[in-house]
Amino acid sequence: MNYNAILDTKLTDTGSEPCTLAEAKEWCKIELNITEENTLITELIKTARLQCEGYTNVSFVEKTVIAILNNSLGSIELPYGPVKTFTSLINEDGKTLTVTTEYVLQGELFKTIKTPCDSYLKATYVAGYTTLPTNFKTAVLQQVAYLYENRGDTPADATRQNNTSIPTELSPMVKLTLNPDRRIW
């Protein structure tokens, strides 16, 4: 069976979080001089960003992506764009392919590998935004507020941080904010 698929990914964050502790506290209407929950709010910023990235399949912060791809039909989209710098493409024989002669990338922000049509490719690249678009930053702040306000609620899929239950779902408002930019592969 020939089909395109993302077989595996490894993501390594290299950029800083899209909002500061002060911005999150201001969004949540928490006085800046109150410091008792700074550690929790800092963790919520990362959790909210990861949840928003997971929902949209977009890299909000700069990260190195290693993606194992089945590009049997050609033109597979690289996951977790936008792609800033494409580093390498290796085939299943371990050969590093050369751009323009052995592989073709298409697109501006969200790139696809047009060719080669191969069942196993290992792509390495840097993805993410230098400056996060306003709607994405707003979504992260909305999710921080949602997580902060709902940490006493314990849905079945909640995670635990610092002995506190953290809901893992996105708030309905965050989904509305992110839906226009959601990428589905």
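Quick notes
- Report note on the peptides 10-17, 64-71, 95-102: ranked by the mean count of other C-beta atoms within 10 Å, highest first, their order is 64-71, 10-17, 95-102.
- Taking each residue as 0.36 nm, the span from THR115 to GLU92 lengthens on full extension beyond its C-alpha to C-alpha distance by 6.8 nm.
- Annotation: the residues GLU92, GLU53, sorted from fewest to most other C-beta atoms within 10 Å of their own C-beta, follow the order GLU92, GLU53.
- Listed by chain and number, the lysines whose C-alpha is less than 26 Å from the C-alpha of LYS25, apart from same-chain residues fewer than 8 away, are LYS46, LYS63, LYS137, LYS175.
- Label separation (SER16 vs TRP185): 2.9 nm, computed from points 7 Å beyond Cα along the C-beta direction.
- Summed side-chain charge close to GLY107 - residues other than GLY107 whose Cβ falls under 10 Å, Lys, Arg +1, Asp, Glu -1: 0
- Nearest 10 degrees, 0 to 90: helix 38-56 Cα axis against the chain principal axis: 40
Values quoted throughout were computed directly from the atomic coordinates according to the rules given, and no laboratory measurement underlies them. Being a predicted model, the structure only gives us computed values, none of them experimental. No Cβ is skipped: glycine too gets one built from the backbone with ideal geometry, and neighbour counts run over all protein chains shown.
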